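Notes to accompany the following structure.
The values are calculated or read from the model by the stated rules, or taken from the named source; none is laboratory data. Fair warning: this is a prediction, and the values are worked out from it, not measured in the lab. No Cβ is skipped: glycine too gets one built from the backbone with ideal geometry, and neighbour counts run over all protein chains shown.
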Amino acid sequence: MLDLYTWTTPNGIKPLILLEELGLEYETHWVNIGKGQQFEEEYLRVNPNAKIPALADDVTTVFESGAILVYLAEKTGKFLPKSGQERASALSWLFFQVAGVGPMFGQLGWFLRAEQKDPFAIERYRKESERLYAVLDKRLSQAPYLAVEYSIADMATFDWAKGYEHLGISPGSIPHVREWIDRVAERPAVQRAMAKKPAR
């Protein structure tokens, strides 16, 4: 039995999508980060960094969302090619999300919601977020999925990218991203994962 410790954020949804795609038996433990549950001692034994998500697989624990995706993909031999350019592409787009999309979209969202607005920070993160969306849109004009075949890279990026309106990104500027969001959202496993979200 796999134990997934997660919450309803885009990072928390990534492994949930993969687990549903894989059809593995798992138990979800919702760690309410709004209530500080990630700092509880029991959870810190799974993830010393006090962030979500984390995964326990018998005696093996994995934290950081990208690491969890790679671990599960390699464990099952699915959604991550074993070698060659296909694997390199999937990993490149996965870490494009981990190092770029997540941090930049997250910062822009945070500053947009902040009570005290910081125009310099908003402009900085908006410009970088627009640039990243443009990179995604160009890629998705060339292939149906980020690494051509549906992979953990798409699962990692999907829930982050679909919030473009909340970030002030013009829908007209990302037609291929929007088509890809619809394509991923139609997958039954993705729908099951999204339906599992508890009310905040």
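So if I check each of N32, N11, which one is among the polar types (S, T, N, Q), at pLDDT 95 or above, buried (at least 22 other Cβ atoms within 10 Å of the Cβ) and under 18 Å from K196 (Cα atoms)?
Selected residue: N11, the only one of N32, N11 that is among the polar types (S, T, N, Q), at pLDDT 95 or above, buried (at least 22 other Cβ atoms within 10 Å of the Cβ) and under 18 Å from K196 (Cα atoms).
The test for being within 20 Å of I68 (Cβ to Cβ), out of contact with any His (no Cβ under 9 Å at 6 or more places or on another chain) and either among the charged types (D, E, K, R) or assigned to a helix (DSSP H, G or I) (or both) holds for A189. What helices (runs of 4 or more DSSP H) lie completely within the range 1-79 and have 1 or more residues being touching a residue at least 40 places away in the same chain (Cβ under 8 Å)? Hits in the range 1-79: 10-22, 65-76. Answer with yes or no whether M155 is of a type outside the set (S, T, Y) and touching a residue at least 60 places away in the same chain (Cβ under 8 Å). Yes. Evaluated against (1) at pLDDT 95 or above; (2) closer than 29 Å to I33 by Cα, E149 falls short on exactly one condition, (2). The residue of the range 172-200 that is surrounded by the fewest Cβ atoms within 10 Å (Cβ to Cβ), among those that are touching a Leu at 6+ places or on another chain (Cβ under 8 Å) and of a type outside the set (G, A, S), is E179.
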